[in-house]
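The values are calculated or read from the model by the stated rules, or taken from the named source; none is laboratory data. All values derive from a computational prediction rather than experimental measurement. Positions of Cβ are backbone-derived with ideal geometry, glycine not excepted, and every protein chain shown enters the neighbour counts.
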Amino acid sequence: QVQLVESGGGLVQAGGSLRLSCAASGHYAMGWFRQAPGKEREFVAALSWSGGSTYYADSVKGRFTISRDNAKNTVYLQIYSLKPEDTAVYYCTAAVYGSGSYSDARTYDFWGQGTQVTVSS
């Protein structure tokens with residue numbers, strides 16, 4: 001069973017920064033999704049198994065950075081210049097068994113419990 005534990009969410013003013021962490025029980029291709037109230041879950045960023053490729057939603061390019069500490073099996077999502085529309089629950093996810101588009105939630109097999117990010121204006 002793959003375990004994913006997110007942390008780092010909180011209440012931040014617009015323009016601020018946050019770093020979300022996801023501690024995984026192994027090494028996988030990883031992704032971050034988010035879900036705002038009343039909206040569908042949406043892709044944010046992903047990191048290939050090798051770490052050599054990163055992928056971002058157009059809405060976050062230039063403000064979000066995904067990275068990994070291999071020694072800790074921890075994936076990070078650094079968020080800069082936060083906007084109120086970034087308010088959402090952020091989920092870490094791992095692709096273990098299959099493959100597919102990194103932006104497709106169906107590619108991923110395990111999900112964390114989510115961490116709330118709230119951006120005040």
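Details
- Only one of L77, L20 that is farther than 19 Å from S120 by Cα and either among the basic types (K, R) or in contact with a Ser or Thr (Cβ under 8 Å, 6 or more places away or on another chain) (or both): L77
Per-residue answers, yes or no, for (1) in a strand (DSSP E or B); (2) touching a residue at least 12 places away in the same chain (Cβ under 8 Å); (3) touching a Lys or Arg at 6+ places or on another chain (Cβ under 8 Å):
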| position | (1), (2), (3) |
| --- | --- |
| G51 | no, yes, yes |
| Y55 | yes, yes, no |
| R68 | yes, yes, no |
| K72 | no, yes, no |
| Q78 | yes, yes, yes |
| G98 | no, no, no |
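- Residue in the stretch 7-30 that is farthest from the chain's Cα centre (by Cα), counting only those that are more than 9 Å from V75 (Cα to Cα), in a strand (DSSP E or B) and of a type outside the set (A, V, I, L, M, F, W, C): Q13
- Residue that is surrounded by 13 or more Cβ atoms within 10 Å (Cβ to Cβ), without any contact (Cβ under 8 Å) to a residue 24 or more places away in the chain and more than 19 Å from D109 (Cα to Cα), where the choices are R63, R19: R63
- Test: residue in the stretch 87-95 that is at pLDDT below 95 and not aliphatic (A, V, I, L, M): no
- Here S7 passes the criteria (1) over 15 Å from T118 (Cα atoms); (2) touching a residue at least 60 places away in the same chain (Cβ under 8 Å) except the one numbered (1).
- Residue within the stretch 101-113 that is within 23 Å of Q13 (Cα to Cα) and either touching a residue at least 24 places away in the same chain (Cβ under 8 Å) or buried (at least 21 other Cβ atoms within 10 Å of the Cβ) (or both) present: no
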